[in-house]
Each structure stands twice: as C-alpha cells, then as structure tokens.
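Report on the structure given below.
No value in this document is a laboratory result; all are computed from the given coordinates. Computed from a prediction, not measured in an experiment: that's the story for all the values here. Note that we place each Cβ from the backbone using ideal geometry, even for glycine, and neighbour counts take in every protein chain shown.
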Amino acid sequence: MTTNISECVNSILKGVRNLPVCSLVKATYDQLAKLFVRKGREAEAQLGTEQQFSQHLVKCIEANLKTVRCFTVTLYDRDNSEYPVVETTPTSSFSLGSYRVSLGSQTCDCGYFQALHFPYPHALACCAYSRITWHSYVHPVYRLSNIFNVYQMGFRPPIPEDFWPPYDGPTVIPDPNKRRAREDRPRSTRIRTNMDEADSNQPKRCGLCRQPRHTRWSCPQVGGRQGIQS
C-alpha cells in the first residue's frame, strides 16, 4: 500500500546497489545472515528473562496506557464486550470524538485495533474499565516465542568462487546499442500531460534575472558581476 518497504530495502543496499548482480546477491545474502543471527540472539536473551512480547509492542502499550485517562467508557453489551468510548481533552472540558469498541471481535471504529492486531488506546481503556488484562487481545505474532522461531533458521556460508564447478552453459553478451549514453541527460520516460506544455504566447525567461530573450548562461547580470569581480 505504501513504498516504505522499498525505501527500507533501498537504504540497506545503498552501499552496494551499483555493484554487478552477482556481488549484489552476495551482499544481500551476507546481510540477511548477520541480521538473522543478531535478531535470534536478541529474542533468545529476552526469552531468558521470561518476557512474553517484543520490545516494540511493550513500548507501544506503555505509551498508549498514558492516554487511558482521557477516555470515558461505558459497557453496553456484557456478553460480546462492546463499549462506546468517548475521547475527551486531558482536562475533560469537551469531547474530541466517540468510537465503538468490541473486544469480542477485536475491532474499533478508529481501525487501529484490527489493523495492528493489538489493543490501541480505545481498547486499552475498555480493558481498564472492565479490569481485564490486555494480553489476550494481542496477536501471537508479537510473542517472543514466535519471533524466535522466525530467526531460528540458519544460513550456510557461500562456496568461494575458486571452488565453483566449471560453467559450460551459454555465454551472454550484452548488446552495446542498449547501453545508456554517459554524456547528456538520459531520455525521459515520463508520460507528459497538458501541464507540461509551455504557453507559446509567453516567451522563455532567464532563470536568474527572470527577464526574456536570454538564458542564465548569457545573462548580462552575471557577466557584469564577473567583470566587477575581476
């Protein structure tokens, strides 16, 4: 839905993205192996301290618990655990909005409960009102035991190139006509619209002094300044 995951991969491969394909694959494999070892050790150490959930989830829950006092909760359906929640200012002077929360179906009108799969402030306020723990409303994916199972897989070291078997397949030769020219700007592939068309009645103006009939390279203002400096 967004480009966040692409930006994360781009930042990780920033130092090697200009390398050939084989070197790029080797660098990706090496970084994944180091990541799995580091994350596996962190999850194992946290399991040794009898923690149940990831640190990211615990920080989010602790931050959301600080805003529980700004909600007015009323129990409507005891069997299905459905509540209307009214959000107020810290001084309870006026209302900021109302939401319907269902702990039974783990949904909320704000959408965060069903999107993130752990209680957000509205659901935490309902748990505090009914004096029940929020642990049962957290998805198992946030448990350290499941996180440890993800990073438990190991990576085998790659075979050095000196021990590779001889290659007897076809030889791929790149087409020199498809190489991008090193000089000049690359050809734009963007689809142009009416907004890109310049008005023929308006002459082009200089990018420096904004006067017509010359460009920034032949601008008399730049020439005059250079003459004064010399």
Checklist outcome for this item: Magnitude of the Cβ-charge dipole (Lys and Arg +1, Asp and Glu -1) of segment 55-137 about the Cα centre, nearest 20 debye, reported as 240 debye
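State which helices in the chain qualify, where a helix is a whole DSSP H run, it must extend 20 Å or more along its own axis by its Cα atoms, and its mean Kyte-Doolittle hydropathy must be at least -1.0.
Result, helices passing both filters: 21-48.
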Checklist entry - Counting Lys +1, Arg +1, Asp -1, Glu -1, what net charge surrounds residue 99 among other residues with beta carbon under 9 Å of its beta carbon? => result -1
Checklist outcome for this item: About its Cα centre, the chain carries a charge dipole, from +1 on Lys and Arg Cβ atoms and -1 on Asp and Glu Cβ atoms, whose size in debye to the nearest 20 is 1300 debye
Next on the checklist: Using just the Cα positions, wrap the chain in a convex hull and report its mean projected area in square nanometres, one decimal place.
Outcome noted: 29.3 nm²
Item to check | Per-residue [θ]222 nm for the chain (sum of -39500 (n - 2.57) over DSSP H runs n ≥ 4, rounded to 500) | outcome: -10500 deg cm²/dmol
Checklist outcome for this item: FRET efficiency for residue 4 and residue 38 from the Cβ-Cβ distance with R0 = 22 Å, rounded to 0.05, comes out at 0.55
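Can you tell me how much longer the chain between residue 109 and residue 194 gets when fully stretched, taken as 0.36 nm per residue apart minus their C-alpha distance, in nm with one decimal? Let's see the in-between values first.
Values: separation 85, 0.36 × 85 = 30.60 nm, distance 4.12 nm.
Between residue 109 and residue 194, full extension yields an extra 26.5 nm.
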Next on the checklist: What does the extension gain come out to for residue 88 and residue 213, with contour length at 0.36 nm per residue minus their alpha carbon separation?
Outcome noted: 38.8 nm
Checklist entry - What is the Rg over Rh value, at two decimals, for segment 55-137, using alpha-carbon atoms and the Kirkwood definition of Rh? => result 0.94
Checklist entry - Dipole of segment 55-137 (Lys/Arg Cβ +1, Asp/Glu Cβ -1, origin at the Cα centre): which of 60, 116, 81 lies farthest to the positive side? => result 60
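Please sort by residue number the chymotrypsin sites (Phe, Trp or Tyr not before Pro) in segment 54-160 whose DSSP state is loop and whose Cβ has at most 14 other Cβ atoms within 10 Å. Don't skip to the end; give the middle numbers.
On the way: sites: 71, 76, 94, 99, 112, 113, 129, 134, 137, 142, 148, 151, 155; in loops: 76, 94, 134, 151, 155.
Sites meeting the loop and neighbour criteria: 76, 94, 155.
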Checklist entry - Taking the mean number of other Cβ atoms within 10 Å as a proxy for protection, how do you rank 117-128, 11-22 from highest to lowest? => result 117-128, 11-22
